[in-house]
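Peer 1: To start, I am sharing the structure in question, which I have written as structure tokens.
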Amino acid sequence: MAETVNHHSDIKTVRHDNCLQISLIGDWLLDGDQPSLDGILAQIETDKQLKTLYFITDKLGRWDSLLIVELINLLQCASQAGVVVDKTSLPPAIQRLLVLVYAVPERLDAHRAKPHISWLNALSDNMVKAGKEAKQILVFMGETAISIRSVFRGASHFRQVDLWLYINECGPSALPIVTLISLLVGLILAFVGALELSLFGAQIYIANLVSLGMTREMGGLMTAVIMSGRTGAAFAAQLGTMHVNNEIDALKTMNLEPIAFLVLPRMIALILVMPLLCLYADLMGIIGGGLVAINLFDVSLTEYINRTSQAVQLKDFLVGFVKCSVFGVLIALSGCMRGMACGRSASAVGDAATSAVVTCIVFIVVADSLMTLICNLLGI
């Protein structure tokens with residue numbers, strides 16, 4: 001005789017010593033009859049001898065969100081009463097849904113009063129965070145130096161194919177945005193200088209202002225800022241995604257050094273490309289300044305070129321090249337460091353990319369200030 005299937009939802013309990021057995025029977029659907037759990041909840045709250053709760057689901061039929069909601073209420077009541085719930089006796093699908101429910105972080109109440117923290121505690125916390133950041137930077141720089149030494153000794157895995165690939169990504173692919181920004185910076189420098197120089201009839205010195213400003217400072221600085229947002233964030237996102245997908249762990253398992261395999265090609269490519277991009281940015285900025293001087297301030301093309309050649313010397317280009325090379329090292333270190341320290345979630349990848357851009361720009365501004373001060377002290 002075929003067994004009759006009970007579609008009516010029901011719940012039964014059996015007490016064994018300090019354990020409570022809960023049997024889920026029938027279909028638990030929203031459009032069906034809903035059994036009352038008030039008696040079980042009251043028993044859990046009042047029975048001080050109850051220690052464990054588990055389920056019997058061999059007669060459980062179809063179920064939907066009704067059963068999940070009732071189980072959540074039951075689990076919350078048991079947690080408040082200090083009763084241990086054995087969820088392994090539930091079907092695997094229900095267990096996975098309960099894991100997802102409790103994996104969602106608690107939403108903070110926007111109107112909840114924040115605890116008062118004194119300025120001294122806040123200062124000490126920020127100092128501790130700064131110390132950890134400095135330690136992380138030094139450790140990563142040390143690991144990178146060791147990897148460079150291993151590559152020169154031929155004891156590390158370094159793919160030249162990856163190097164040429166990153167050179168193409170950092171160099172030719174960045175030319176359109178570098179062209180646009182450098183032209184606009186040259187135009188702005190020419191306009192700002194011309195408004196004052198025209199008061200004295202010295203529009204010819206627009207060429208001096210634009211050429212020196214671009215070669216010594218703005219060309220390399222704007223190129224570095226562009227590459228921070230473009231390449232530094234890309235490096236952090238790429239390495240962070242590899243970290244999320246356990247690809248970096250796989251490299252370690254295959255006895256491949258991640259720093260030499262992933263970081264060094266990116267760093268060397270950026271160091272090689274940055275001076276060339278700086279030279280290109282200088283040229284675009286000078287052309288942008290020339291467009292303003294020639295078309296708006298009655299400076300001839302010949303005069304503009306002559307004044308530019310007289311104002312700019314080889315040392316001015318070398319200063320810009322050195323600065324841009326240092327900026328390339330800082331961008332590569334910041335982007336790769338944030339990517340290698342990324343967490344294992346999608347939001348962590350976004351945080352790593354954002355942090356990489358912020359870190360790059362801070363390092364660039366500080367390094368540019370120090371190098372400008374050194375050049376002034378040395379009379380360069």
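Peer 1: Being of a type outside the set (D, E, K, R), crowded, with 17+ Cβ neighbours inside 10 Å, under 28 Å from the mean Cα position of the chain (by Cα) and modelled with pLDDT of 80 or more narrows it down to one of Ala174, Ala207, so name that one.
Peer 2: Selected residue: Ala174, the only one of Ala174, Ala207 that is of a type outside the set (D, E, K, R), crowded, with 17+ Cβ neighbours inside 10 Å, under 28 Å from the mean Cα position of the chain (by Cα) and modelled with pLDDT of 80 or more.
Peer 1: How many residues, within the stretch 219-256, are over 17 Å from Ile331 (Cβ atoms) and in a helix (DSSP H, G or I)?
Peer 2: Matching residues across the stretch 219-256 total 11.
Peer 1: Has the stretch 272-290 got any residue that is in contact with a Leu (Cβ under 7 Å, 6 or more places away or on another chain) and over 30 Å from Leu183 (Cβ atoms)?
Peer 2: no
Peer 1: Only one residue in Arg266, Arg230, Arg307 is touching a Phe, Trp or Tyr at 6+ places or on another chain (Cβ under 6 Å), of a type in the set (Lys, Arg) and in contact (Cβ under 8 Å) with a residue 12 or more places away in the chain, so which one is that? First the steps, then the outcome.
Peer 2: Working: Arg230 fails: touching a Phe, Trp or Tyr at 6+ places or on another chain (Cβ under 6 Å); Arg307 fails: touching a Phe, Trp or Tyr at 6+ places or on another chain (Cβ under 6 Å).
Being touching a Phe, Trp or Tyr at 6+ places or on another chain (Cβ under 6 Å), of a type in the set (Lys, Arg) and in contact (Cβ under 8 Å) with a residue 12 or more places away in the chain holds for just one of Arg266, Arg230, Arg307, which is Arg266.
Peer 1: Among the residues of the stretch 50-61, is any surrounded by 12 or more Cβ atoms within 10 Å (Cβ to Cβ), hydroxyl-bearing (Ser, Thr, Tyr) and at pLDDT below 80?
Peer 2: Yes: the stretch 50-61 contains one or more residues that are surrounded by 12 or more Cβ atoms within 10 Å (Cβ to Cβ), hydroxyl-bearing (Ser, Thr, Tyr) and at pLDDT below 80.
Peer 1: Can you name every residue in the stretch 337-380 that is under 14 Å from the mean Cα position of the chain (by Cα), farther than 17 Å from Val263 by Cβ and polar (S, T, N, Q)?
Peer 2: Ser345, Ser347, Thr354
Peer 1: Then there's this: For the subset of the stretch 75-94 comprising residues that are β-branched (Val, Ile, Thr) and closer than 10 Å to Phe55 by Cα, which member is surrounded by the most Cβ atoms within 10 Å (Cβ to Cβ)?
Peer 2: Val85
Peer 1: Between Val319, Val299, Val312, which is surrounded by fewer than 23 Cβ atoms within 10 Å (Cβ to Cβ) and in contact with a Cys (Cβ under 8 Å, 6 or more places away or on another chain)?
Peer 2: Val319
Peer 1: Can you give me the ranges of the helices (runs of 4 or more DSSP H) entirely in the stretch 275-380 with at least 2 residues that are of a type in the set (A, V, I, L, M) and at pLDDT 85 or above? Spell out the reasoning first.
Peer 2: Values: elements: 301-311, 314-340, 346-378.
Output list reads 314-340, 346-378.
Peer 1: Related question: For the list (1) small (Gly, Ala, Ser); (2) in a helix (DSSP H, G or I); (3) crowded, with 17+ Cβ neighbours inside 10 Å, I need the number of the one condition that Gly26 fails.
Peer 2: (2)
Peer 1: Go through the stretch 243-272 and count every residue that is farther than 20 Å from Ser325 by Cα and surrounded by fewer than 20 Cβ atoms within 10 Å (Cβ to Cβ).
Peer 2: Number of matching residues: 13.
Peer 1: Do any residues in the stretch 46-68 that are without any contact (Cβ under 8 Å) to a residue 60 or more places away in the chain and part of a strand (DSSP E or B) have Cβ atoms under 8 Å from those of residues that are of a type in the set (Phe, Trp, Tyr) and buried (at least 16 other Cβ atoms within 10 Å of the Cβ), where the two are at least six apart or on different chains, and which pairs are they?
Peer 2: Note: pairs meeting the criteria are Leu60/Trp28; Gly61/Trp28; Arg62/Trp28; Trp63/Trp28.
The values are calculated or read from the model by the stated rules, or taken from the named source; none is laboratory data. Please read these numbers as outputs of a predicted model, since none were measured by experiment. Don't worry about glycine lacking a Cβ; one is built from the backbone with ideal geometry, like all the others, and counts go over all protein chains shown.
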